[in-house]
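Laboratory data are not the source of any read-out in this text; all were calculated from the coordinates shown. All values reported here derive from a predicted model rather than from experimental measurement. Cβ placement follows ideal geometry from the backbone for every residue including glycine, while neighbour counts extend to all protein chains displayed.
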Amino acid sequence: MEKGISTSLIAIVIVALAVVALSLSPQFKSGIQPESEQKTETTTTVITPKEVPKSGEDKQAPSQEQNPTEQPEEFGHGGQVQPVSSFRQNPELPSDKEKLQLSECTGKVFSVDPVDLGKITEITPLGNLAPPGHTFPTEHTYLHITPGGTTTDTISLYAPADVQLLLISFDHGITQDPVDYTLYFALCKDVIGYYNHVKEISPELEKIVSDTNCMFQGEDKSKRCNIQTFTPIKAGDNIGRVGRLQGNFDFGLIDLSKPLKFANPDRYGARSFFIHCAYDYYDDANRGKFYNLLSRKDGKCGTTAQDVSGTLKGNWFYGTSRADMGTDWDKYLALVQDNKDPAKLVISVGGVFTSAGKLEFTPQSLGLVNREFTQVILDGNIYCYEGSSMSGRIIIQLTSATELKIEHQDGSCSGSFAFVKPTIYNR
């Protein structure tokens, strides 16, 4: 009997201690469920790092459903809430559920100039080449205000239409100016515009940033942050300022209804499949003003995707590099048209087999020297390229539909030429 009573007392003491421990638990006191049971109900905005996409994503040019951001969400700034688990896969593109809140694109156009065009000296067309940072054709235009490095003055930046602000991204110390913002906005469910290298944002946008506890993440955890939102902005609203020492800003556009083609879509991120000219989305009354400022000889806006399968033309990669990796620029090679004078061709080199730079030339339709890229096929020949923009010569041979050999050598293309130590690129 005494033994049974003793055992019962011990059991009572253990239960009492467990109750005391539970009462002291922070989760018990605050009513917070254990992590495994929590329901992630609310935040007003989403903060995500600029992350490098995982290898193997974007296997093909995605459909509208596949592409932008798979995770459905309902959220915004100023009263709306969202599940924390519903971060967009691509922060700059609307999710499927957000698309339901956006209008159809039929008849939707931009109607307001992004800045006072009287202060723009020229517009650099799509496809600019500036290796190593822009070895592949650049996916946006540049609007030039002043020569770089000459002034800290800025001019006002405006919303080009009634839009939904999707993303405020900002970086510190990536240019000669203290901070650079990128703003993504949806005109309709398939058309997303963006401004890059914005130097100041409006008080209304600053409030979105200040209301968000932005935990800087990414490669440099002190500099960069993305803030997702779904905030309406009216046409002509002053949303920031551009200029300063950089002297220009970017205007780009994504149209999810018009996919582009690449020789190997697996190497690219989602955005690259849908790049188009922002000025083509202005109404007839305003479009011509932009084209008059474009510094391109054929009067067009330029292009990015120039791959022609089975030929030299287009983008090439060294090793396993990818176009959706922010660190692989020096491993790119582009054999494309010049963005300002499409009658000229360019070998744009990020690095690897020679220093970063461009070899520009006038293409020939016959022979082995400076041959038009689309005419170089699997014929067993070695072709030689030379031009005043780069010393020496570059020799190239297409060895399969997806592989080439290339080498930079001293000398000109006169006489014979052969490989000594070639580098292999693929796509």
Of all chymotrypsin sites (Phe, Trp or Tyr not before Pro) in the range 326-427, which ones are in loop regions per DSSP and have a Cβ with at most 13 other Cβ atoms within 10 Å?
none
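Of Lys313/Lys358; Lys99/Lys331; Lys97/Lys289, which sit over 25 Å apart, Cα to Cα?
With Cα atoms farther than 25 Å apart: Lys99/Lys331; Lys97/Lys289.
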Report the Cα centroid-to-centroid distance between the range 332-390 and the range 99-119 in angstrom, as an integer.
37 Å
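As an exercise, find the ratio Rg/Rh for the range 367-427 from alpha-carbon atoms, using the Kirkwood inverse-distance average for Rh. All intermediate terms of the calculation are to be shown ahead of the outcome.
Values: Rg = 11.1 Å, Rh = 11.9 Å.
Ratio of gyration radius to Kirkwood radius: 0.93.
Order 392-399, 148-155, 175-182 from most to least packed using the mean count of other Cβ atoms within 10 Å. Intermediate results must be reported in sequence, preceding the final value.
Values: 392-399: 19.5, 148-155: 12.9, 175-182: 16.8.
Descending mean neighbour count gives 392-399, 175-182, 148-155.
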